[in-house]
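The structure under discussion appears below in the form of structure tokens.
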Amino acid sequence: MSKNQQYVLDSLSAQESWRLFRIMAETADGFEDLSDLPPCVSIFGSARATPDSAIYKDTERVATLLGEAGFGVITGGGPGLMEAGNKGAKKAGVPSVGLHIHLPMEQEPNSYLTVRSDYRYFFIRKLMFVKYSVAYVVMPGGMGTVDELSEAFVLAQTRRIKPFPIILYKHSFWDGFLNWLNESMVKDGYIRDEELKLCTVCDSPEEVLSTIRSRVVV
């Protein structure tokens, strides 16, 4: 091996070591930022929904009802349905938390946050969502929303966490996805039918609150 090759390998090794320290520091910062929160519900959903849409108004209503019931609200801190969740939480006077992810195409945090925690690594951000949530409410959204849903589902499915309510909002949006899971994954034996019961579909903000209250003791 040449000296230049060895230098490159040593430099890469040093970069990996420093990355480990950044990961540790970001995790510690997240714990510090969020350690004083009351029981919280995480709300996920599209960043592209507009304030004049029905689903934006429903998300805001869900967050307001949760806040009035004493739950804090955690979102990804961005626009769209994340903004709606934080807006409803702030209106109810409870912690309105945004777990802001730094991306190459920067997404500004919304203006309704009372607690902001910043992340470079998606996997640490996901850890914080799970650690500080007593329930997930998954509004309509894209692949990021499906990613967060899948994370919670797999952790509960494999019993790496104690199962908590995972609520999908609106049959009209999620039924196609659930039908596919049944007709493909369940049918072929990749998941069990009873595992799908980890998810509950609700069609109104009031039903979301009722479902969480019936399953979560705070």
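Values in this text are rule-based calculations from the coordinates and carry no lab data. Computed from a predicted structure; not experimentally measured. Positions of Cβ are generated from backbone atoms using ideal geometry, with glycine treated the same way; all protein chains shown enter the neighbour counts.
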Distance from the Cα centre of the stretch 111-129 to that of the stretch 139-200, in angstrom? 23 Å
PHE177-GLN107 FRET efficiency (beta carbon distance; Förster radius 22 Å; 0.05 resolution): 0.35
Shape of the stretch 154-210 from its Cα gyration tensor (a ≥ b ≥ c, root eigenvalues): rounded if a/c is under 1.5, otherwise prolate when a/b > b/c, or oblate? oblate
Which cross-chain or sequence-distant (5 or more) residues have an amide H under 5 Å from the amide H of ALA49, H modelled 1.01 Å from N in plane? LEU81
Quick one: angle between helix 143-157 and the longest Cα principal axis of the chain, in degrees between 0 and 90, rounded to 10, please. 90 degrees
Determine the gain in length on full extension of the stretch ALA28-ARG116; use 0.36 nm per residue of separation and subtract their C-alpha separation, reporting nm with one decimal. 30.2 nm
Under the definition of Cα pairs under 8 Å and six or more residues apart, what whole-number percent is the relative contact order of the chain? 19 percent
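Report the full-extension gain for the segment PHE21 to TYR190: residue separation times 0.36 nm, less the Cα-Cα distance, to one decimal in nm.
Full extension from PHE21 to TYR190 adds 57.1 nm.
For ARG215 and LEU37, what is the calculated FRET efficiency with R₀ set at 30 Å and r taken between the beta-carbons, to the nearest 0.05?
The pair ARG215/LEU37 has a calculated efficiency of 0.95.
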Roughly how tilted is helix 81-92, in degrees to the nearest 10 and between 0 and 90, from the longest Cα axis of the chain? 60 degrees
Please order HIS100, HIS171 by the number of other Cβ within 10 Å, starting at the fewest. HIS171, HIS100
With springs only between Cα atoms under 10 Å apart, run a GNM on the chain and tell me which of PHE164, PHE153, PHE123 wobbles the most. PHE123
So how many Lys-Lys pairs in the chain land under 26 Å Cα to Cα, not counting same-chain pairs under 8 apart? 25
Cβ crowding within 10 Å averaged over residues, with 23-36, 135-148 ranked highest first: 135-148, 23-36
Expected sort for ARG19, ARG215 with the fewest Cβ neighbours (10 Å cutoff) up front is ARG19, ARG215
